[in-house]
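These notes concern the structure reproduced below.
The values are calculated or read from the model by the stated rules, or taken from the named source; none is laboratory data. This one's a predicted model, so the numbers in the text were calculated from it and none came from an experiment. Note that we place each Cβ from the backbone using ideal geometry, even for glycine, and neighbour counts take in every protein chain shown. To get the accessible areas, we keep the full protein, side chains included, count just its heavy atoms, and leave off ligands, DNA and RNA. Shrake-Rupley method; radii C 1.70, N 1.55, O 1.52, S 1.80 Å.
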Amino acid sequence: MVLDQRVVSLQKSTSKEQEDFIKEFTPFILSTASQRIGRYVEVENDEAYSVALQSFYKAILSFQEEKGHFLPFAKLLIDRDLLNHLKKRKALGTFGG
């Protein structure tokens, strides 16, 4: 898959190239985050987006092509990290949805 090879090459590329890739996949990040938390997620001032964005970047850096495809891997990391974030907020009594 061409996307998977692109992600592997991004691991050794400049932060500008990684930034451009992340911008290209912002709709995917937002959609995945919205599905996980059950509400619309905004780019500006939304904690869920920040968590999802960090997860996507972590997915780029840790992706291993021989273990599967990138997008399902990124979705898994975003889902997991958002779920952990929501559990933590709920435990702290700051759960706002």
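Hey, can you tell me all the residues within the stretch 62-81 that are loosely packed, with under 13 Cβ neighbours inside 10 Å and in contact with a Leu (Cβ under 9 Å, 6 or more places away or on another chain)?
The one that is loosely packed, with under 13 Cβ neighbours inside 10 Å and in contact with a Leu (Cβ under 9 Å, 6 or more places away or on another chain): 62.
Is it fair to say residue 55 is among the polar types (S, T, N, Q), part of a loop (DSSP other than H, G, I, E, B) and either surrounded by 11 or more Cβ atoms within 10 Å (Cβ to Cβ) or in contact with a strand residue (DSSP E or B) (Cβ under 8 Å, 6 or more places away or on another chain) (or both)?
Working: among the polar types (S, T, N, Q): yes; part of a loop (DSSP other than H, G, I, E, B): no; either surrounded by 11 or more Cβ atoms within 10 Å (Cβ to Cβ) or in contact with a strand residue (DSSP E or B) (Cβ under 8 Å, 6 or more places away or on another chain) (or both): yes.
Taking the combined requirement at face value, the residue does not satisfy it.
So, in the stretch 8-48, exactly how many residues are part of a helix (DSSP H, G or I), in contact with a Leu (Cβ under 7 Å, 6 or more places away or on another chain), open to solvent by less than 80 Å² (accessible area, probe 1.4 Å) and free of Cβ contacts under 8 Å to residues at least 24 places away in the same chain?
Within the stretch 8-48, residues that are part of a helix (DSSP H, G or I), in contact with a Leu (Cβ under 7 Å, 6 or more places away or on another chain), open to solvent by less than 80 Å² (accessible area, probe 1.4 Å) and free of Cβ contacts under 8 Å to residues at least 24 places away in the same chain number 0.
Residue 84 passes all but one of (1) farther than 20 Å from residue 3 by Cα; (2) open to solvent by 90 Å² or more (accessible area, probe 1.4 Å); (3) part of a helix (DSSP H, G or I); (4) free of Cβ contacts under 8 Å to residues at least 12 places away in the same chain; which number fails?
That leaves (2) as the condition not met.
I need the full set of residues from the stretch 16-40 which are modelled with pLDDT of 95 or more and aliphatic (A, V, I, L, M), in order please.
Once the filter is applied, which keeps residues that are modelled with pLDDT of 95 or more and aliphatic (A, V, I, L, M), the stretch 16-40 yields 22, 29, 30, 33.
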